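Colleague: Here it is, the structure in full.
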Amino acid sequence: MSAYNYAFLDENTKKEIRRKTLKAIAIPGYQVPFGSREMPIARGWGTGGLQVTLSVIGKQDILKVIDQGNDDSVNACNLRDLISSTSEVATTTDTLEATIIQTRHRIPEEKMQAHQILVFQVPMPEVLRTVEPSEQETRRMHGERDYSRLWVQLYEDIVQHGEIRISYDYPVLVNGHYICDPSPIPRFDVPKLHQAETLFLFGAGREKRIYAIPPHTDVVPLQFEDYPFTVESYDQGCEKCGCTTSYLEESFDRVDGARHYYCSDTSFCGKKQVEQGELVQMGANWHG
Amino acid sequence: MDEMLSVRQLMKTYGKGCPACLDLTGPDHGRNMCPVCGTIVACADVSLDVYPGEVLGIVGESGSGKSTLVKTLYFDEEPTAGEFYLRSYEDGVPNLYDLSSRKKRWVRNHQMGMVYQNPHLGLRLDHSAGGNIAEKLLMAGNYHVGSIRERAVQLLEKTDIPITRMDDLPRYFSGGMQQRVQISKAMANNPPLLLLDEVTTGLDVSVQANVLDLIREIQRELGVSMIVVSHDFSVIRMLTNRTIVMKNGRIVEQGLTDQIMEDPQHAYTQLLINSLL
């Protein structure tokens, strides 16, 4: 891939993104604007995460890319191929082996460590957008921590439906100051952000924002004293590996229409099955 | 500090301003636009005090600067110059206009309530009546749904709004009901100061009487200090102890309400009193 600069982006772009990323880490939860570049994939398909990954990656890194927990989806494969061929890094599907994981809307089941970085793809970084359309106004609201309108929305949810209905994009208070959007991860993954060992970087390419949750940072989902935050729970475990503590996805059998539940994190599920002596091809790739 | 609040030399202008602005505007000239630079002097040289539990009236014709004055007191508008002290905030030592915007917001959320002439300004019509009251409580840091709802029920009962309509949108309420929801919202966390800007304008007479009764009752029961802005002398007479008369952005006369009603000194006040129907 010598026709391209190392890691696809030119050096000035990488420098800018690294500086913006450092600023984001210094102000946990604060959305830092950056000059999002044109990428070889469409905006809204992970360009933010991609740019962050490409600007922090080095030849010694080991890359994993997941799309809603899945290593083998078209999007994950294409992003992984692009990153690995332009930055000459090894790839893996094993969460514990990777040093950089780029993810779309999931946090892996296995606990990540201090030497790892998790890069999120974020479609809508502005958590206040649902209550306030003006960017100028939302920035003022963040600056003054004027979050009452977001709270009123949660209150109205409880009044009308008896619970807070937000199932993904659940607003979290980071380090006691900014409320931010943890990207559309399910509620199930939100507690993993709290006091983690790992650095979390968030890139929104279309909206041109980078933000971060550094390791050992308090991340608290918004909740009322009498309506505490809850995560998804299931009556059963995964039908492939039997795990009862993972986030499950509902899937329908295309022949008889029966409903099944499987782990959303495919590499984790595969590992469990191998432990149980089943024959699973780890990291099966759709194009070999 | 004996006063609940005091305001000193408050000025609000719209425009770039020039040295002649203050000299060439005001009641003596009968205008509030500077003839040299075209700046609007909405209010200037305004100093006033409100004592605890007192109701102060501000009366004047449209464009006399009375609404601008309360808006600057509620930090809706940034004043051009002036000082504002509130006894309930750090014993009235700091000038509130020098505080950071976050502290101003704190003062506004914890120490003040505002009722606007137009309910659209004070309420979020796409949130329920209870949600509107909740907003004020959430701003002040109450994150318990049960206690928020308890307080909302109390307030709506006090303001005569059926509890069954608590979770309905104020968009579908009548004007008088919207105004009462607005009063409930303003009162939600028992602020020591309530600002009322033309609260009864645009309501029909029986509803007006109803809202005025409510305000009087709140004042009597809770001893809140209030600033009541109106162009209507009958509202001022009914609610206030002391009155300030404004014209062209300046205070032209102030004193006890009865005194001003019976024995107006300034020609403009005499005109106002005489034009009472």
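The values are calculated or read from the model by the stated rules, or taken from the named source; none is laboratory data. Note that this is a predicted model, so its numbers are computed, not measured. Neighbour counts run over all protein chains shown; Cβ positions are idealised from the backbone, glycine included.
Colleague: What number goes with the only condition from (1) within 19 Å of A:TYR168 (Cα to Cα); (2) touching a Leu at 6+ places or on another chain (Cβ under 9 Å); (3) not assigned by TED's automatic domain parsing to the domain that holds A:GLU156 that A:ILE213 does not pass?
Modeller: A:ILE213 satisfies every listed condition except (3).
Colleague: Which condition from (1) part of a loop (DSSP other than H, G, I, E, B); (2) touching a residue at least 60 places away in the same chain (Cβ under 8 Å) is the one that A:GLY49 breaks?
Modeller: With (1) part of a loop (DSSP other than H, G, I, E, B); (2) touching a residue at least 60 places away in the same chain (Cβ under 8 Å) applied to A:GLY49, the lone miss is (1).
Colleague: While we're here: Filter segment A:123-175 down to the residues that are among the aliphatic types (A, V, I, L, M), more than 12 Å from chain B (Cβ to nearest Cβ) and either touching an Asp or Glu at 6+ places or on another chain (Cβ under 7 Å) or surrounded by fewer than 18 Cβ atoms within 10 Å (Cβ to Cβ) (or both) and list them by number.
Modeller: Hits for segment A:123-175 are A:MET124, A:VAL127, A:ILE166.
Colleague: If you don't mind, another one. For segment B:9-51, how many residues meet the condition of being in contact with a Phe, Trp or Tyr (Cβ under 8 Å, 6 or more places away or on another chain) and in a strand (DSSP E or B)?
Modeller: 3
Colleague: Which condition number does A:VAL65 fail, the rest of (1) more than 27 Å from A:GLN195 (Cβ to Cβ); (2) aliphatic (A, V, I, L, M); (3) not in a helix (DSSP H, G or I) being met?
Modeller: Only one criterion in (1) more than 27 Å from A:GLN195 (Cβ to Cβ); (2) aliphatic (A, V, I, L, M); (3) not in a helix (DSSP H, G or I) is unmet by A:VAL65, namely (1).
Colleague: Here is a follow-up. If you go through segment A:12-29 one residue at a time, do you hit one that is surrounded by fewer than 19 Cβ atoms within 10 Å (Cβ to Cβ), of a type outside the set (Asp, Glu), modelled with pLDDT of 95 or more and not in a helix (DSSP H, G or I)?
Modeller: yes
Colleague: So for segment B:78-99 (the condition being buried (at least 18 other Cβ atoms within 10 Å of the Cβ) and within 12 Å of chain A (Cβ to nearest Cβ)), does at least one residue qualify?
Modeller: Within segment B:78-99, none of the residues are buried (at least 18 other Cβ atoms within 10 Å of the Cβ) and within 12 Å of chain A (Cβ to nearest Cβ).
Colleague: If I filter segment A:99-119 down to residues being out of contact with any Gly (no Cβ under 6 Å at 6 or more places or on another chain) and among the hydrophobic types (A, V, I, L, M, F, W, C), which single residue comes out as surrounded by the most Cβ atoms within 10 Å (Cβ to Cβ)?
Modeller: Only one residue fits best here, namely A:ILE107.
Colleague: Looking at segment A:209-225, which of its residues are in contact with a Ser or Thr (Cβ under 8 Å, 6 or more places away or on another chain) and surrounded by fewer than 19 Cβ atoms within 10 Å (Cβ to Cβ)?
Modeller: A:PRO215
Colleague: Collect the residues in segment A:215-254 that are touching a strand residue (DSSP E or B) at 6+ places or on another chain (Cβ under 7 Å) and within 14 Å of chain B (Cβ to nearest Cβ), keeping them in residue-number order.
Modeller: A:VAL220, A:PRO221, A:LEU222, A:PHE229
Colleague: Only one of B:ILE227, B:ILE251, B:ILE244 is assigned to a strand (DSSP E or B) and closer than 18 Å to B:ARG180 by Cα. Can you tell me which?
Modeller: After applying the criteria, what remains is B:ILE227.
Colleague: Hey, another quick one. Being in a helix (DSSP H, G or I), among the aliphatic types (A, V, I, L, M) and more than 14 Å from chain B (Cβ to nearest Cβ): is that true of A:LEU54 here?
Modeller: For A:LEU54, the condition - in a helix (DSSP H, G or I), among the aliphatic types (A, V, I, L, M) and more than 14 Å from chain B (Cβ to nearest Cβ) - is met.
Colleague: Failed condition for A:TYR6, given (1) assigned by TED's automatic domain parsing to the domain that holds A:GLN195; (2) over 28 Å from A:ILE179 (Cβ atoms), with all others met?
Modeller: So A:TYR6 meets the others, but not (1).
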